[in-house]
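Nothing in this text is a laboratory measurement; each read-out follows from the coordinates by a stated rule. What you see is a predicted model, and the numbers here were worked out from it, not measured in a lab. All Cβ positions, even for glycine, are placed from backbone atoms using ideal geometry, and neighbour counts span all protein chains on display.
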Amino acid sequence: MRKIGLALGLLLAFSVQAAASGTALIITNEGHTHLRDARGAQALLRLDGPLSGAGFAVDMATDLAAPTMRAALSALAEGIERQRHQRVIVVFAGYVLHSGGSAWLLGSDARAPDLATVDDAGLRLETALAVAGRLQGGAVVAIADYGYPGRPAAGLAQGLPDRIEVPQGVTLVSGPADQIEAFLRAAARPGTNLRAAAARGRALRLQGFDPPYLTFLPEGHEPALEGDNRAWAQAQAADTEDAYRRYLADFPDGAHVAAAREALTRLEMTPERVEEALVLSRDERRAIQRELTLLGFDPRGIDGIFGPGSRAAITAWQRANAHDPTGFMTRDQVFQLSAQAARRAAELEAEARERQAEQERRDRAFWRETGAAGDEAGLRLYLERFPEGLFASVARQRLQEIEEERARAEALRDRAAWDAARALDTVEAYRRYLQDHPQGAFADQAAVRIDALTAPERPEVAQPETLPAPDPEIDAARAAEEALMLPRFTRVMVQQRLAQLGYDPGPADGSFDRQTRQAIRQYQRDNGLPDTGYLTQSLVVRLMAEGVLRLLD
């Protein structure tokens with residue numbers, strides 16, 4: 001087993017020729033200063049052979065403190081940027097802690113970190129993933145997770161979290177060291193699919209970029225051709241004039257020179273540039289969106305901004321009119337679209353007039369058959385078919401009149417039934433009224449009268465000629481009534497209402513004598529109120545409301 005001095009190792013790793021398949025960084029933290037050793041972690045150093053043989057520039061280091069781990073990752077990021085590698089592999093074997101969705105790869109100098117110190121004790125996994133993410137689609141981060149020896153501090157848990165946010169284009173694999181080693185050995189063989197390789201290790205977990213058929217190293221991969229192929233792939237991914245010119249400058253005799261020149265020619269007259277040359281204003285773009293909508297191609301908004309919806313609508317229109325489906329307009333296409341939209345608008349207007357005329361014809365015919373007779377059934381049938389029809393307002397007005405007539409007739413029947421019950425003034429008469437008119441206007445009065453007629457008789461109590469002895473409660477009730485300053489009209493209505501309910505308050509003259517006080521007390525007792533014989537604000541409101549309804553009858 002060999003250890004490479006970090007600074008020298010990284011320098012050598014990133015100074016290899018551009019023909020390398022990629023770069024790999026392997027950190028195995030087996031020995032620890034303050035924690036129990038993570039036995040077996042250094043076994044992953046054996047990956048040097050298969051990865052180097054596959055054309056990777058491999059740097060290995062073991063038992064790194066947290067600051068040195070961060071320096072190694074920084075050097076890896078710098079090498080990726082400088083050498084323009086096509087693939088990157090980052091391997092870590094050692095102790096891991098996590099909190100929530102964040103995880104830390106602990107350095108060899110870690111000593112029982114807590115939430116406040118864990119950033120100093122290790123390297124954030126998300127940082128390693130971000131560095132690897134510089135090579136999307138060709139990045140593998142492998143973690144041989146040894147958990148943590150002992151009980152983590154509050155807020156921390158050992159190992160990797162269940163859910164990890166993996167950057168786009170990065171494959172994260174985690175599990176035991178031996179299965180990680182087998183997985184990476186398989187990945188170093190051309191034609192190996194990462195998902196298939198991970199499936200061979202039962203305890204391995206694959207997250208992030210997981211193409212079902214794409215291989216990590218292509219079938220027949222030759223490291224000597226990797227620089228040319230990598231540069232060409234990067235030029236294709238960028239798909240810009242600068243990218244293709246850079247490829248041609250770096251590889252004037254490369255395998256993809258002809259394709260690069262064709263791509264340059266294509267980009268010089270791109271649909272985007274053709275449309276840009278039109279210098280369409282915001283209003284002109286809105287007009288194009290309206291015309292597309294009119295023709296049945298939905299741009300998902302008319303805002304003068306050609307977003308994905310507008311581009312999709314333009315593409316669909318181009319296909320329908322035998323144009324190249326670029327999603328970008330030319331001047332001739334703008335004129336053609338405008339002409340088509342104008343013609344379609346005229347057609348739609350004519351169709352709308354025809355539909356309106358046909359609708360009115362059916363409306364009038366149906367009115368003659370139903371609503372014109374003026375009966376309720378016909379009117380309702382017409383409104384059901386034509387709620388906004390030509391005669392809808394007439395139908396609704398007539399229905400309202402019919403309902404008002406019905407309500408007046410019902411009110412007369414209700415009043416006649418009540419008058420009959422009052423004339424008999426018996427429990428049976430009032431119950432018959434409630435049975436025939438449970439929702440009648442006098443239902444409450446009938447119920448009160450039934451209660452009064454069925455209440456047990458109370459013995460006559462001789463009323464003293466003088467007022468009762470002073471009582472604090474009575475005095476307070478009297479003072480509260482006086483504070484109301486009730487007008488004579490209100491007092492008269494209270495006496496009338498008491499009389500209607502079967503209590504005898506004496507003459508309805510607005511003067512509250514002993515008989516009126518006795519009637520108030522009786523009403524209060526029958527309704528579960530303090531029987532003071534004096535009015536309160538709530539009692540006045542209750543009697544007045546009932547009295548007003550009586551007067552309206």
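Couple of notes before you dig in:
- Helix 472-484 vs. the chain, principal-axis angle (Cα, 0 to 90°, nearest 10): 80
- Chain lengthening between VAL279 and GLU219 when straightened (0.36 nm per residue, less Cα-Cα): 16.9 nm
- When the charge dipole of the range 472-552 is built from unit charges on Cβ atoms (+1 for Lys and Arg, -1 for Asp and Glu) and taken about the Cα centre, the candidate among PRO472, MET544, TYR523 whose Cα reaches farthest toward its positive end is MET544.
- At most 10 other Cβ within 10 Å, DSSP loop - GluC sites (Glu not before Pro), the range 333-431: GLU388
- Inter-label distance for ALA372 and ASP324, nm, one decimal - labels placed 7 Å from Cα along Cα-to-Cβ: 6.5
- The calculated pair-distance distribution of the range 259-404 uses every alpha carbon pair, bins of 10 angstrom beginning at 0, and gives 10, 26, 16, 13, 15, 11, 5, 2, 1 percent.
- Around the Cα centre of the range 49-144, unit charges on the Cβ atoms of Lys, Arg, Asp and Glu (plus for the first two, minus for the last two) sum to a dipole of about 360 debye.
- Kirkwood's formula applied to the C-alpha pairs of the range 472-552 gives a hydrodynamic radius of 12.5 angstrom.
- Estimated dipole of the chain in Debye, rounded to 20 [Cβ of Lys and Arg +1, of Asp and Glu -1, Cα centre]: 1360
- Hull volume per residue, based on the alpha-carbon atoms of the range 6-208 and their convex hull, is 102 Å³.
- For the chain, share of DSSP beta bridges that run antiparallel, in % to the nearest 5: 35
- Our analysis of the range 361-440 gives Rg over Rh at 1.30, with the two radii drawn from alpha carbon positions and Rh computed by the Kirkwood formula.
- ASP298 versus ALA237: modelled label distance in nm, points set 7 Å from Cα along the beta carbon direction: 3.6
- Against the chain, whose longest principal axis is taken from its Cα atoms, helix 282-294 shows a tilt of about 70°.
- Calculated mean residue ellipticity, 222 nm, the chain: -16500 deg cm²/dmol, from DSSP H runs (n ≥ 4) at -39500 (n - 2.57) each, averaged per residue and rounded to 500.
- Take the Cα radius of gyration of the range 139-228 and divide it by 2.2 N^0.38 Å, N being the number of residues; the result is 1.27.
- Shape summary: the chain maps onto an equivalent ellipsoid whose semi-axes, from the alpha-carbon gyration tensor, are 91, 47, 20 Å in decreasing order.
- Stretchable slack from ARG290 to LEU453, in nm (0.36 nm times residue separation minus alpha-carbon distance): 50.8 nm
- Model label points for ARG189 and ASP526, set 7 angstrom from Cα along the Cα-to-Cβ axis, are 10.3 nm apart.
- Rounded FRET efficiency, nearest 0.05, which uses the C-beta distance separating LEU381 from GLU401 and R0 of 22 Å: 0.80
- Kirkwood radius, the range 281-345, all distinct C-alpha pairs, inverse of mean reciprocal distance: 11.4 Å.
- Contact order, relative form, for the range 346-497: 10 percent (alpha carbon pairs under 8 Å, 6 or more residues apart, mean separation divided by residue count).
- Proportion of all alpha-carbon pairs of the range 119-270 beyond 25 Å (%): 45
- A Förster distance of 45 Å, applied to the separation of the beta-carbon atoms of LEU484 and ARG432, puts the FRET efficiency at 0.70.
- Positive-end residue of LEU194, ALA142, LEU35, charge dipole of the range 6-208 with Cβ unit charges: LEU194
- Cβ-derived FRET efficiency at R0 35 Å, ARG205 paired with ARG245, nearest 0.05: 0.25
- 0 to 90° range, to nearest 10: angle between helix 308-320 axis and the chain longest Cα axis: 80
- For the pair the range 116-187 / the range 341-407, the C-alpha centres are spaced 71 Å from each other.
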